[in-house]
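The values are calculated or read from the model by the stated rules, or taken from the named source; none is laboratory data. Only a predicted model underlies this, so the values are computations on that prediction, with no experimental measurement involved. Here the Cβ positions follow ideal geometry from the backbone for every residue, glycine too, while neighbour counts run over all protein chains shown.
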Amino acid sequence: DGGITQSPKYLFRKEGQNVTLSCEQNLNHDAMYWYRQDPGQGLRLIYYSQIVNDFQKGDIAEGYSVSREKKESFPLTVTSAQKNPTAFYLCASSMLFADSTDTQYFGPGTRLTVL
Amino acid sequence: AQSVTQLDSQVPVFEEAPVELRCNYSSSVSVYLFWYVQYPNQGLQLLLKYLSGSTLVKGINGFEAEFNKSQTSFHLRKPSVHISDTAEYFCAVSWGGSNYKLTFGKGTLLTVNP
């Protein structure tokens, strides 16, 4: 079945550590996205990638980094510079970025908790 | 700035009652509108979307939404809800042109009680 997988489902981080969240898709989509979800805040865009080896900052990129070395994969690193990283992180993909009508498909999410 | 407002953060209803979840957006020449559903600790799933044409859009699970350009609204409705409809619902808007990003509302938690 085609879809988006995220791992791990739950992640615990100590203060000062970097952690990497995995996102893989087998939908053959060009565009991929990372969102952060906090209670009552909706979804906020962290980073997005239109094609391989290209990515752009979203609305809340500070303290995060990404890479896009393969079409299928778009990992997100939460660095120690992110002061309040506890949140639910959602990865999404769409066939094309430059198409406002395109549907974004979401993975199941990773819940990150800072201890 | 372009914005999406979901007017109710929580909507409690009884099973088999009708429900309307409200969504308003800041005006623009062209908009593309989406409703997503999120069950607890899961990702988002597309319910329906409006791109053009008929202003009444039907989606999955018996939901429908009506695009009202003059009121800049895209309210979601279901005539009779089930316990299994308990979830959080997000309205999202793409304004087209050179702005391809999707902007989400803050969500409405629908709780269906027996």
If we take chain B, then strands (runs of 3 or more DSSP E) inside it with 2 or more residues that are facing chain A (nearest Cβ under 10 Å) and under 30 Å from A:GLN56 (Cβ atoms) are B:4-6, B:32-38, B:44-50, B:87-94
Within region B:87-98, is there a residue that is loosely packed, with under 14 Cβ neighbours inside 10 Å and modelled with pLDDT under 95?
yes
Selection over region B:54-99 where residues are without any contact (Cβ under 8 Å) to a residue 12 or more places away in the chain and closer than 28 Å to A:GLN50 by Cβ yields a count of 2
Per the list (1) away from chain B (no Cβ under 13 Å); (2) touching a strand residue (DSSP E or B) at 6+ places or on another chain (Cβ under 7 Å); (3) surrounded by 13 or more Cβ atoms within 10 Å (Cβ to Cβ); (4) outside any strand (DSSP E or B), residue check on A:LEU11 breaks on (4)
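Every residue, every condition in (1) within 12 Å of chain B (Cβ to nearest Cβ); (2) hydrophobic (A, V, I, L, M, F, W, C); (3) in contact with a Pro (Cβ under 8 Å, 6 or more places away or on another chain), yes or no:
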{"position": "A:TRP34", "(1), (2), (3)": "no, yes, no"}
{"position": "A:PRO39", "(1), (2), (3)": "yes, no, no"}
{"position": "A:GLY42", "(1), (2), (3)": "yes, no, no"}
{"position": "A:TYR48", "(1), (2), (3)": "yes, no, no"}
{"position": "A:ASP54", "(1), (2), (3)": "no, no, no"}
{"position": "A:ALA61", "(1), (2), (3)": "no, yes, no"}
{"position": "A:TYR64", "(1), (2), (3)": "no, no, no"}
In the set B:SER3, B:SER27, the lone residue that is over 21 Å from A:SER94 (Cβ atoms), without any contact (Cβ under 8 Å) to a residue 60 or more places away in the chain and polar (S, T, N, Q) is B:SER27
Out of (1) over 14 Å from B:GLY43 (Cβ atoms); (2) touching a Gly at 6+ places or on another chain (Cβ under 9 Å), the one A:TYR33 does not meet is (1)
Task: Condition met for A:GLY2 (over 22 Å from B:GLY107 (Cβ atoms), touching a Ser or Thr at 6+ places or on another chain (Cβ under 7 Å) and not basic (Lys, Arg)) - done: no
All-but-one check, B:HIS75 against (1) within 21 Å of A:PRO108 (Cα to Cα); (2) crowded, with 16+ Cβ neighbours inside 10 Å, failing number (1)
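Report whether or not B:VAL37 is β-branched (Val, Ile, Thr), closer than 24 Å to A:TYR89 by Cβ and buried (at least 17 other Cβ atoms within 10 Å of the Cβ).
Details: β-branched (Val, Ile, Thr): yes; closer than 24 Å to A:TYR89 by Cβ: yes; buried (at least 17 other Cβ atoms within 10 Å of the Cβ): yes.
Yes; evaluated as a whole, the condition is true for this residue.
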Among strands (runs of 3 or more DSSP E) completely within region A:19-89, the ones holding 1 or more residues that are loosely packed, with under 15 Cβ neighbours inside 10 Å and not acidic (Asp, Glu) are A:19-25, A:76-78
